[in-house]
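**Student:** I'd like to ask some things about the structure below.
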Amino acid sequence: MSETDFLPTEERSLCDRFIREGHIIAPAENRAALDRIRSLIAEEASAWLGLLPPDDPDSFLNGIAERVPVEKLNAFRLHVIGTLNATSWLRSAYYAIARRTLETVVGNELCMQRRVNLSIQLPDDDSSLLPIHADVWSGDSPFEVVLWIPLVDCYRSKSMFLLPPAVTARLQQEMHRYADHGAEAMFSDFEADLAWMEVPYGSFLLFNQNLPHGNRVNREAQARWTMNCRFKGVFTPYADKKLGEFFEPITLRAASRIGLDYRYPEGFEE
């Protein structure tokens with residue numbers, strides 16, 4: 001341990017694990033907040049279908065392919081996500097689901113993406129695929145992390161994959177090989193090394209978006225529903241996604257607020 005590393009042992013261990021493994025899967029730190037979000041989504045989904053709110057949100061969401069055909073999926077998703085992001089308490093509830101882990105891994109002065117994303121992947125549907133990629137390759141800051149939260153149990157092809165840090169280091173040295181071959185060739189070459197995230201409902205996944213990740217066709221019998229949102233330290237460097245446009249501060253401390261508001265006295269001549 002460095003002589004200037006003052007983190008408590010438990011926090012240092014969590015940070016070391018995030019660096020080593022590239023992700024953390026843990027139970028929701030505020031289960032009531034998660035359940036409230038899922039209930040809202042189930043209610044809005046059923047309203048779009050002209051149905052009463054479901055008594056069993058889990059079965060309703062898992063079986064949504066029986067009610068929504070692929071050709072109507074995007075309109076359905078946009079309705080639900082629009083209502084979701086228009087809800088005043090959504091982002092604070094989302095943050096509460098992993099607040100302590102975010103503070104340990106990222107920092108206690110955070111900014112958060114202004115809109116939470118929602119993904120729905122029906123069984124055997126190839127219209128919602130995310131090829132292997134790392135967000136930092138396309139204009140995201142390397143200081144960002146993604147908080148990925150399932151609304152149903154996610155496993156195998158009903159989940160997402162992540163390339164571990166040690167293997168990513170090897171890929172970085174070989175990236176030039178894929179300039180003319182694309183993401184599918186990269187996936188094929190590294191498929192055996194991919195880690196598929198198993199995240200049951202009631203848990204969250206926090207992952208390093210500098211690592212290659214993505215999804216494939218959902219070959220399971222039920223639909224995948226997941227949310228994702230980015231967080232970073234307010235005072236860490238930005239890339240294409242700017243503060244005030246894409247990100248918004250959510251946990252500024254008193255000294256930072258004072259410093260940002262301070263103006264030197266005027267009227268003196270040099």
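Bear in mind these aren't lab numbers, they're just calculated from the coordinates by the rules spelled out. Predicted, not measured: the structure shown is a model, and the values here were computed from it. Neighbour counts run over all protein chains shown; Cβ positions are idealised from the backbone, glycine included.
**Student:** Kirkwood Rh, Cα Rg: Rg to Rh for the stretch 110-259?
**Tutor:** On the Cα set of the stretch 110-259, Rg over Rh gives 1.00.
**Student:** From the phi of every residue in the stretch 239-246, what ³J(HN,Hα) in whole Hz does the Karplus formula 6.51 cos²θ - 1.76 cosθ + 1.60 yield, where θ is phi - 60° and glycine or proline is x?
**Tutor:** Karplus-based 3J(HN,Hα) across the stretch 239-246 equals 10, 5, 8, 9, 5, x, 9, 9 Hz.
**Student:** Roughly how many debye, to the nearest 20, is the charge dipole of the stretch 1-86 about its Cα centre, given +1 on each Lys and Arg Cβ, -1 on each Asp and Glu Cβ, and no other charges?
**Tutor:** Dipole of the stretch 1-86, to the nearest 20 debye: 320 debye.
**Student:** Can you spot the lysines whose alpha carbon is less than 22 Å from LYS241's alpha carbon? Ignore those fewer than 8 places along the same chain.
**Tutor:** Straight-line reach from LYS241, under 22 Å: LYS232.
**Student:** On to the next question. Most exposed first by the Cβ proxy, i.e. fewest other Cβ within 10 Å, how do HIS23, HIS181 rank?
**Tutor:** HIS181, HIS23
**Student:** OK, next. Could you list ARG100, ARG20 in order of exposure, starting from the residue whose Cβ has the fewest other Cβ atoms within 10 Å?
**Tutor:** Fewest-to-most Cβ neighbours within 10 Å comes out as ARG20, ARG100.
**Student:** Arrange ASP140, ASP180, ASP16 by Cβ neighbour counts within 10 Å, fewest through most, would you?
**Tutor:** Ascending number of Cβ neighbours within 10 Å: ASP180, ASP16, ASP140.
**Student:** From the mean inverse distance of alpha carbon pairs (Kirkwood) and the Cα radius of gyration, derive Rg over Rh for the stretch 8-108.
**Tutor:** 1.09
**Student:** Follow-up question, since we're still on this one. Which of (i) 167; (ii) 191; (iii) 140 is the computed volume of the Cα convex hull per residue in Å³ for the structure on display?
**Tutor:** (ii)
**Student:** Which ³J(HN,Hα) values in Hz, rounded to whole numbers, follow from the phi angles of the stretch 148-155 under the Karplus curve 6.51 cos²θ - 1.76 cosθ + 1.60, where θ = phi - 60° and Gly and Pro get x?
**Tutor:** Karplus values, whole Hz, x for Gly and Pro: 10, 10, x, 9, 9, 5, 10, 7.
**Student:** Can you give the FRET efficiency for TYR264 and SER88, using 1/(1 + (r/R0)^6), R0 = 51 Å, r = Cβ-Cβ distance, to the nearest 0.05?
**Tutor:** 0.85
**Student:** Let me ask another. Report the calculated FRET efficiency for HIS181 and LEU7 (r = Cβ-Cβ distance, R0 = 41 Å), to the nearest 0.05.
**Tutor:** Step by step, r from the Cβ atoms, then E = 0.45.
**Student:** Can I ask one more? Assign unit charges at the C-beta atoms only (+1 for Lys and Arg, -1 for Asp and Glu), then state the dipole size of the chain relative to its Cα centre in Debye, rounded to the nearest 20.
**Tutor:** Result for the chain is approximately 420 debye, rounded to the nearest 20.
**Student:** Would you list, by chain and number, the lysines whose Cα falls below 22 Å from the Cα of LYS158, excluding same-chain residues fewer than 8 positions away?
**Tutor:** In chain and number order, the partners are LYS72.
**Student:** Apply the Karplus curve 6.51 cos²θ - 1.76 cosθ + 1.60, θ = phi - 60°, to the phi angles in the stretch 87-102 and return the couplings in whole Hz, x for Gly and Pro.
**Tutor:** Per-residue couplings from phi come out as 8, 4, 8, 4, 5, 5, 5, 4, 4, 5, 5, 9, 4, 5, 5, 4 Hz.
**Student:** Per DSSP helix of 4 or more residues, -39500 (n - 2.57); summed, then divided by the residues of the chain. What does that give at 222 nm, rounded to the nearest 500?
**Tutor:** Helices in the chain give a 222 nm mean residue ellipticity of -10500 deg cm²/dmol.
**Student:** In whole angstrom, note down how far apart the Cα centers of the stretch 211-259 and the stretch 1-73 are.
**Tutor:** Rounded to whole Å, the Cα centres lie 14 Å apart.
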